[in-house]
Every structure is written in C-alpha cells, then in structure tokens.
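See structure below.
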Amino acid sequence: MKKKTLLMVVTFSLIGITAFTSVQAVNKADFNWQPPSPTDLDTIHFIDNSSGDIIVWVWYFGDGNSSIQQNPMHKYADNGVYNVRLIVVYSNGTTAYVEKQVNVANVPPIAVINISSIVNKRSVSFSSGSYDNDGNIIFWSWEFGDNSTGTGENINHVYTEDGIYLVNLTVYDNDGAHNESKISLMVDSIPPETVYNVSCEGWCNKTVNIEFNSTDNLSGVNYTEYKIDDGSWNKYTEPFQLTSEGIHVIYFYSVDNAGNVENEKNVTIKIDKTKPITNAKINASHGNKGWILGNAEITLIATDNLSGVNYTEYKIDDGSWNKYTEPFQLTSEGIHVIYFYSVDNAGNVENEKNVTIKIDKTKPDVNIKIPKEGYLYISGRQMMPTLFRKTIIIGKLDAVAEASDSLSGVYYVEFILNSQLLWKDFVSPYNATLPQEFPVSFGNSLKVVVYDNAGNYKESNEIRYTKIM
Ligand SMILES: [Ca+2]
Ligand SMILES: [Ca+2]
Ligand SMILES: [Ca+2]
Ligand SMILES: [Ca+2]
C-alpha cells in the first residue's frame, strides 16, 4: 500500500516538470538487463545505468507492472516485445527518462514420444508426453516411418509388416514454436521358433541327449523354457540328458525380446534299457531224467517291460539261427540243445539262453533169460529139457530178465505173473522170485515189460510154466 502511494505522487510531479527536464538534459537515464535475450520463463534483472544524483527510480515494464527499485527483477507472464521505461528524479528536482524495447522470447515446446522401443503388436498406440513450459501444445504431427503420417496427441497406427521404423513427432506450441523427437521403434509381432535335436528318436536303449535351437525374426530370442512330463518349467541353457526309462514328453517354447510367446511344442522320448525275457515251453510226453517220448513242440514266449518284443531267434544244436514265428516241432531222436534269445524294439538284446531236449522214440529190448521155455528147474538150477517144450519148476527160482536201451536207458522192468504185477525192478540185474505153490500149480504165465526213461516200453514173450512147491 505504501509503495503504491509513493509511486502515484512521483508520477504526478513528473508530468509537471517534463518541459524543464528536456531543456536541462544534463543528466542521462539509461539501463540494461540480464539476460540480454530473455524468455518469458526468465526473471529479468533490470540494471540502472543512469548518471547524476538520483533520488527516485520509476520503472514501467510495459505489461502494466511497475517498480521503484533501482535495479528491479521482473518476470513477464508471456512472450512479447515490451516497451520498458525508466524515469529518474534527481536531487535538484529534475527528471530524465529512457525507453527501450525488450524482446521476451517464447520458449519452444519439448517433444516427447511415450512408447517403448520394442513392441510385439503391429497395431501401435502412440502417445505424446510433450509439454510446453510457457504455454501449451496445439498441434502434434507424427511420421510413423513407413511413409504414413498422422496428427493428434494420442494416435494409433497399424504397420503392415514387422520392422524397425524411425518415428518422428513434431509438436507446435501456441506461439508457433516447434520441437521434434525421434525414436527407433522395433515392431516384432512374430514369435520365435524353437526346434529340437535329440540323439535318438523312437525307442532308445540308452540315455538321450536333448538340445534346443531357437531363432527369431527380429528382436532375438530372450529365453527358452522346457519341462519334462509333469515337472516344473526350467530355463534352457545347455543340452541336457534324459536317462530314466519310460515314455517321456518334453514340452518347450521360446519368448523373444519383444515378448512374443511361441506356442508350446513337445517331443516324445522313449527309453527302454531293459532286455526282454524269453521262456521256452516244451509240450511233450515227459518221462524220467529229462527224457521225453516222441516229438516235442517248443513254444518260445517272450515278454518285454516297455518297448515290446521285436523278434525272437532260435537255433537247434549247430544249425543256423531262425526267426521264431510260431511253435515248432522237434522230431529227431537224441539230445538236442535249443538256443534262443529276443530283441526288444529299443534294440536291447537278451543274453542267449538254452534248453536241452532229449528225445527217445525207440523201444527198449527185453527178454526172459530165466526160466527158459522147455526146461526143468530144480531148486533154482536149470536141468534138462523137457518133453513137448513144457517148463517145469520145482522149488525156489528167481526169474531173470535181460533189458537194454540204446538212448535213454532202462528205467525199470516189471515182472507180470498171471496178469498181475509180481515185481518191479529198477536195478540191473533184473530179477524176481517166483512165488511158492502148494502142492502144484499149472498154467502159470510169466512175462516182463521193460520201460526206458523216456517212457517207451516193450513186452517180452510169454513163458508158461508149471510150478511144484
Ligand atoms: Ca512456448
Ligand atoms: Ca520375433
Ligand atoms: Ca525292454
Ligand atoms: Ca529207448
């Protein structure tokens, strides 16, 4: 309030003495300012350069504002050319003044493009973050780098192909000043592609190495991830190995530096390290000591834990190997060794196995050595031949049989008396004591049956005899 009152008083007195001052003009009013080329954001320091014994300074800044400081500070609200007048009053009552034009400049705007330098969509939303410190922006002009342009603070543009585009934004403020900003914009909308490389495909019988290779059209691969079966996702850094048996699915995908995510892919790895197992089933009439009677039918049954049986091979004795397809017959007599093994679909080879098959189809030989037909026996001793080839035995007599077999050997000999089993002898010599009769028994019938170990048998001729005592 006080300042304003003083200013009004000085102003009135100046009007009255103008004529006098112009005549006298002894002293001179002058000023300059800092900075020399100010903007409307600067606070301008006005510096009095007047000469003489001054007691009052009156400044008119040309924008309606004034000051009575000797060296005032002033900031203009807007740019423009202002007539600044300084009036000085000397101690002797005289005055002087000077007027100068001060060009207060507009501050140009700052252009800012609000967008990341890599985007993963071809439809791009551009946003201006531009500003004008001493006014406002009234026009935005975009060049999208693909020979198309647009206007507006925020604008969407769709690129027709991926690429790197030089985007330019020019902004104009309300005073006609402009500024521009450029950015290099990478538009990458295509996900990377990942391929696998495995050391074994299909069924494998050993550890499998897995490698991924990923490529990208533009921004480059950021990372690749994989998981095994229901495991958790892992970042892929280097080739890895799969060792455990079974059917495994490995899932994988990559992400590029623009954030494009590849569709998940997978590869199936099948590992079987276990050999198949083959068993032989012999269908035959089994006898004693491993011998069989007649033909043998051999069935090879192979099983496998995982990949399944590919094939089974067999050979008989020193013959050549054959692929097993169905049960086969072994018909020839003798002792045979059948060798066999299987291979599974992963290539695991079973250790060779074998089974020995002993076939005897030939009947053993037998005959009754004692008693001989047509002889008289007394107390175990053979006496003279009898009339009409009758056989007469008086007292104790052991019947004796002779038996032999060329292949499997004799198993036992049965002595059959009157169609009843009298005695079974497993050990050579084969004999049986004929039963005592009181006082006499006519028409006895003795025969022996020999069995070989395979089960072949043969009956002897029949000896008929009369037994006394
Ligand atoms: Ca401005
Ligand atoms: Ca890409
Ligand atoms: Ca297997
Ligand atoms: Ca035999």
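Descriptive notes on the structure:
- Filtered by the rule that a residue be among the charged types (D, E, K, R) and buried (at least 16 other Cβ atoms within 10 Å of the Cβ), the stretch 370-408 gives Glu402, Asp405.
Every residue, every condition in (1) at negative phi; (2) over 60 Å from the mean Cα position of the chain (by Cα), yes or no:
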residue: Thr356; (1), (2): yes, no
residue: Ile359; (1), (2): yes, no
residue: Tyr375; (1), (2): yes, yes
residue: Arg389; (1), (2): no, yes
residue: Leu397; (1), (2): yes, yes
residue: Asn418; (1), (2): no, yes
residue: Leu422; (1), (2): yes, yes
residue: Phe426; (1), (2): yes, yes
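- Among the strands (runs of 3 or more DSSP E) confined to the stretch 184-280, the ones with at least 2 residues that are open to solvent by 40 Å² or more (accessible area, probe 1.4 Å) are located at 193-198, 208-215, 221-228, 246-256, 265-271.
- Just one of the listed residues (Ile292, Ile298) is within 16 Å of ligand 4 (Cβ to nearest atom), crowded, with 19+ Cβ neighbours inside 10 Å and over 27 Å from the mean Cα position of the chain (by Cα), and it is Ile292.
- Only a single item in (1) at pLDDT below 95; (2) under 30 Å from Val56 (Cα atoms) is not met by Val98, and it is number (1).
- Qualifying positions in the stretch 312-348 - free of Cβ contacts under 8 Å to residues at least 24 places away in the same chain and of a type in the set (Asp, Glu): Asp317, Asp318, Glu326
- Taken over the stretch 423-469, the residue count meeting the criterion of being of a type in the set (A, V, I, L, M) and open to solvent by 40 Å² or more (accessible area, probe 1.4 Å) is 4.
- Any chance Asn205 is over 12 Å from the mean Cα position of the chain (by Cα) and more than 16 Å from ligand 2 (Cβ to nearest atom): yes
- From the list Tyr131, Tyr60, the one residue that fits, being within 16 Å of ligand 1 (Cβ to nearest atom), aromatic (Phe, Trp, Tyr) and without any contact (Cβ under 8 Å) to a residue 40 or more places away in the chain, is Tyr131.
- Any hit, the stretch 144-164, residues being over 30 Å from Asp78 (Cβ atoms), over 44 Å from the mean Cα position of the chain (by Cα) and either open to solvent by 40 Å² or more (accessible area, probe 1.4 Å) or within 16 Å of ligand 2 (Cβ to nearest atom) (or both): yes
- Against the list (1) open to solvent by 50 Å² or more (accessible area, probe 1.4 Å); (2) not in a loop (DSSP other than H, G, I, E, B), the condition Asp175 fails is (2).
The values are calculated or read from the model by the stated rules, or taken from the named source; none is laboratory data. The structure displayed is predicted, hence computed values, not measured ones. No Cβ is skipped: glycine too gets one built from the backbone with ideal geometry, and neighbour counts run over all protein chains shown. To get the accessible areas, we keep the full protein, side chains included, count just its heavy atoms, and leave off ligands, DNA and RNA. Shrake-Rupley method; radii C 1.70, N 1.55, O 1.52, S 1.80 Å.
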